[in-house]
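A short write-up of the structure that comes next.
Derivation of every value follows stated rules applied to the coordinates shown; laboratory data play no part. From a predicted model like this one, the values you see are computed outputs, not experimental measurements. Virtual Cβ from ideal backbone geometry, glycine too; neighbours counted across all protein chains shown.
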Amino acid sequence: MTRYAALLRGINVGGINIKMADLRSTFVDLGFENVKTVLASGNVLFDSDRDDIPALKSEIEAGLRAEFKYEAWVFVLDLDTVRQIVDNYPFDPEREGWHPYVLVTPEPEVLNTLLSIRDELDPEVEQIQAGDGVLYWEVERGMTLKSRFGKSTGSAKLKASTTTRNLRTLLKLLK
């Protein structure tokens, strides 16, 4: 069995409200074991003996669409990958007054597009750095939605290909 984290994009914001007990039940109904939700922002830990992550992603998205009637976008990572992402965070995760974020995307062209604005960022407000299938982002508290990079990640065309988590959330998934 492999332990996975499913990161759901856009639930419990923007009118898509899902109770964590209902989310957990959906994962159990899909046949996953040892299912646990973490926070109310769409983080689900589960065990599976299958190792085809794209197939798991498709199955979970279809199950969520059927159960909750919304366009589901899910990112599935095994916990070893989550651990590597956390361990490779390039900025000071405890920097006072700043948020440590990780943007997840399986699409290299999306990562490259987002990285292309790096030189336009105000380093007094934020900075980004590429990782393996992720983009690390450090932003001053209070500027997440106002910053140049924050605004660029909110575009509709990125909904299906990215999700962002605070580094502290990823640490909770590993506990």
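Summary of computed values
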quantity: Two-site label geometry, Thr113 and Lys146: point separation in nm, points 7 Å out along Cα→Cβ; calculated: 2.7 nm
quantity: Proximal aspartates and glutamates relative to Lys159, as straight alpha-carbon distance under 15 Å, when same-chain residues fewer than 8 apart are discounted; calculated: Glu61, Glu71, Glu107, Glu109
quantity: Compactness index (Cα Rg / 2.2 N^0.38 Å), the chain; calculated: 1.02
quantity: For the range 2-79, size of Cβ-based charge dipole, Lys and Arg +1, Asp and Glu -1, in debye; calculated: 340 debye
quantity: Fluctuation leader among Gly142, Gly15, Gly133 - the chain, Gaussian network, Cα springs under 10 angstrom; calculated: Gly15
quantity: Calculated from backbone phi, Karplus (6.51, -1.76, 1.60) coupling profile of the range 118-125 in Hz, x at Gly/Pro; calculated: 3, 6, 8, 7, 7, x, 6, 10
quantity: Degrees between helix 53-68 axis and first principal axis of the chain (Cα, 0 to 90, nearest 10); calculated: 70 degrees
quantity: Karplus-derived 3J(HN,Hα), 6.51/-1.76/1.60, for each residue of the range 157-169, Hz, glycine and proline x; calculated: 5, 8, 3, 7, 10, 9, 8, 10, 9, 5, 4, 5, 5
quantity: ³J(HN,Hα) computed for each position of the range 29-38 - Karplus, 6.51 cos²θ - 1.76 cosθ + 1.60, integer Hz, glycine/proline x; calculated: 5, 6, x, 7, 10, 6, 7, 9, 8, 10
quantity: Residues Leu173, Leu30, sorted so that the one with the fewest Cβ neighbours within 10 Å comes first; calculated: Leu30, Leu173
quantity: Whichever lysines have a C-alpha closer than 21 Å to that of Lys175, once near sequence neighbours (fewer than 8 apart) are set aside; calculated: Lys36
quantity: Theoretical ellipticity at 222 nm over the chain - DSSP helices of four or more residues, -39500 (n - 2.57) apiece, nearest 500; calculated: -9500 deg cm²/dmol
